[in-house]
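All of the numbers you see were taken from the coordinates with simple rules; none came from a lab. A quick note: this is a predicted structure, and the numbers were derived from the prediction, not measured. No Cβ is skipped: glycine too gets one built from the backbone with ideal geometry, and neighbour counts run over all protein chains shown.
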Amino acid sequence: MDNGIYQNPLITRYASQAMAENFSDEKRFKLWRKLWIALAEAEMELGLNITKAQIDEMKKYADDINFEVAESYEKKLRHDVMAHVHAFGEQAKSAMPIIHLGATSCFVDCNSELIILWDALEIIKAKLVNVMDKLSAFALKYKDLPTLGFTHLQPAQLTTVGKRATLWLQDLTMDYYSLVNLQNSFKLRGVKGTTGTQASFMELFNGDEGKVKELEKKVVAKLEFDKVYGVTGQTYSRKFDYNVLCVLSQIAQSAYKFSNDIRLLQSMKEIEEPFEKSQIGSSAMAYKRNPMRSERMSSLARFVISLPTNSAITAGTQWFERTLDDSANRRIVNAQAFLALDGILNIYMNVSENLVVYERVIEKHIAAELPFMATENIMMECVKAGGNRQELHEKIRVLSMQAGKNVKELGKDNNLIELIKADKDFKAVHSKLDKMLDAKLFIGRAPSQTVEFIENEVKPILEQNKAVLGQNSDLKV
């Protein structure tokens, strides 16, 4: 590492090696050569004057990128594709006359970029389902553990720790199907020529439309894809990039929600993200255990969520068949969106697999609020025993105010149950109060909902992707 120049933290700190390599120059230029070989091979098969010896020589150097030669050509030609045509031709000398035959730069640019995006989506999908797998295990483990629910960040009816985790899971399930739907509509640019009319290929094949159409099918098949855009300008529509970034943004939104919930729960001391033995939480306050992983997720998620707007502007400002003002922008935005989301999912895997639950703290917080929540049940029991509902309601209101004052003004424990036990109007429930305050009586169908949701909606996704399950995240920092 050269510490004298800026280093992209997405590479040095957050993203995985696999994602960084996916957007590398080496992969991009190897794909260019793969595309040139596929094109030449298909042209040969359809009768153009190209020999197997030329194809074989191209294949010999397919993965041997002479970077320095290409760089020297680009300085002179100011054109990256032509620089690599010449660099490839210096190695595969016999093939030099037919490399890039009939093609425009976007034949290699657009098709290679689409393949890179496809491979990046596959990396993201694998990590997404691994997060879902780890969260499912967590949800099932804690499906029966009551905890305070919160609405407006105020204590509300009880739920369970596991049921809350299904809310995070449901977001990811929606994201998974958005990603799959995107992949189901995935197409390559294909072999379209300079402005998308295939005019150059019509010239090469003497106006034979059948051969031009067959050429495109052959090239796409050699690249192991089966769908191609029916029409393009010089490039594939940049709206597809926007669609990709929208899916990435959706996943980032889900991660953002999870990370914020964990940060809040850690502040309450109910659940913590993993904290290593030698980890330092604060340079000043040695006792602190800051939720730095969740905070990092939030930070990176904000970045990813912001990017679709950038891509939308790029899509909307493409003039006629194309302009080049998309190029520099897309080199940054597309790659960094994936690198950042990759970093987010690395953390998400790590945190979701190693969450620490403090059950006693959760029980303490329930105990502070449950008496208020139990008042309706207490009142109903007393009515069943012959009490007056309106009088009991007023009694409970007054006693609740007293208990609230005890908690908020005096800083003491909630003593509502003691006040009820001391009031003869509630004599009918005095012997039942402890049983009536069992937290599990207030969680409704939360445990069943958790099991049903995972069985019916999450498990099928995990089954479809079982070949990639078992990944773990090795965080760099």
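Other residues with beta-carbon under 10 Å from the beta-carbon of A255 carry, at +1 per Lys or Arg and -1 per Asp or Glu, a net charge of -1.
Taking Cα atoms, how many degrees apart are the long axis of helix 25-45 and the longest axis of the chain, rounded to 10 and kept between 0 and 90? For helix 25-45, the angle is close to 50 degrees. Take the alpha carbon atoms of the range 193-271, find their center, do the same for the range 154-177, and report the distance between the two centers in whole angstrom. Centre-to-centre distance over Cα atoms comes out at 31 Å.
To the nearest 0.05, how large is the calculated FRET efficiency for D144 and E463 if R₀ is 30 Å and r is the Cβ-Cβ distance?
Details: r = 25 Å, r/R0 = 0.83.
Between D144 and E463 the formula returns 0.75.
May I ask for the percentage of alpha-carbon pairs in the range 360-477 that lie more than 18 Å from each other?
Working: 4442 of 6903 pairs.
Of the Cα pairs, 64 percent sit more than 18 Å apart.
Stokes-Einstein at 10 °C, 1.306 mPa s, Kirkwood radius from Cα pairs: D for the range 18-98 in µm² s⁻¹?
Values: Rh = 13.1 Å.
Answer from the Stokes-Einstein relation: 121 µm²/s.
Across the cross-link table entries K93/K218; K134/K476; K76/K239; K163/K424; K52/K218, which are compared at the Cα atoms, the separations over 27 Å belong to K76/K239; K163/K424.
First check a/c for the range 375-436, with a ≥ b ≥ c the square roots of the eigenvalues of its C-alpha gyration tensor; if it is under 1.5, answer rounded, and if not, answer prolate when a/b is larger than b/c or oblate otherwise.
Values: a/c = 2.58, a/b = 1.69, b/c = 1.53.
Prolate, since a/c reaches 1.5 and a/b exceeds b/c.
Can you give me the angle between helix 239-267 and the longest principal axis of the chain, using Cα atoms only, in degrees from 0 to 90, rounded to the nearest 10? The answer is roughly 30 degrees.
Taking every C-alpha pair closer than 8 Å and separated by at least 6 residues, the mean separation divided by the residue count of the range 18-98 gives a relative contact order of 29 percent. Remark on T160: its backbone amide H falls under 5 Å from those of T147, a criterion applied only to residues 5 or more positions apart or on other chains, H modelled at 1.01 Å from N.
In terms of distances greater than 20 angstrom between alpha carbons, the cross-link table entries K395/K427; K227/K459; K30/K60 yield K227/K459. For L188, the residues whose amide H sits under 5 Å from its own are K227, V228, Y229, ignoring neighbours fewer than 5 places away on the same chain, with H placed 1.01 Å from N. By other beta-carbon atoms within 10 Å, ranking T314, T51, T160 with the fewest at the front produces T51, T314, T160.
Tell me, what is the Rg over Rh of the chain, with Rh the Kirkwood radius over Cα pairs? Show your work: numbers first, answer last.
Details: Rg = 30.9 Å, Rh = 26.7 Å.
Here the Rg-to-Rh quotient is 1.16.
Taking other C-beta atoms within 10 angstrom as a stand-in for reagent exposure, L135, L77 fall in the order L77, L135, fewest first.
With the cut-off at under 11 Å, measuring from each backbone N in the range 122-143 to a point 7 Å along the Cα-to-Cβ line of D438 picks out no residue.
The DSSP beta bridges internal to the chain are antiparallel in roughly 90% of cases.
Each Lys and Arg contributes +1 and each Asp and Glu -1, all at the Cβ; summed about the Cα centre of the range 18-98, the dipole is approximately 120 debye. Between A367 and K421, the contour length at 0.36 nm per residue exceeds the Cα-Cα span by 17.8 nm.
So what is the relative contact order of the range 375-436, in percent, for Cα pairs below 8 Å that sit 6 or more residues apart?
Numbers: 39 pairs, mean separation 21.4, N = 62.
Result for the range 375-436 is 34 percent.
Taking Cα atoms only, the orientation of helix 359-373 departs from the longest principal axis of the chain by about 60 degrees. Using Cβ point charges alone (K and R +1, D and E -1), the dipole size of the chain about the Cα centre works out to roughly 1240 debye. Once C-alpha pairs closer than 8 Å and six or more residues apart are averaged by separation and normalised to the residue number of the chain, the relative contact order reads 20 percent.
Taking other C-beta atoms within 10 angstrom as a stand-in for reagent exposure, L433, L128, L121, L248 fall in the order L433, L121, L128, L248, fewest first.
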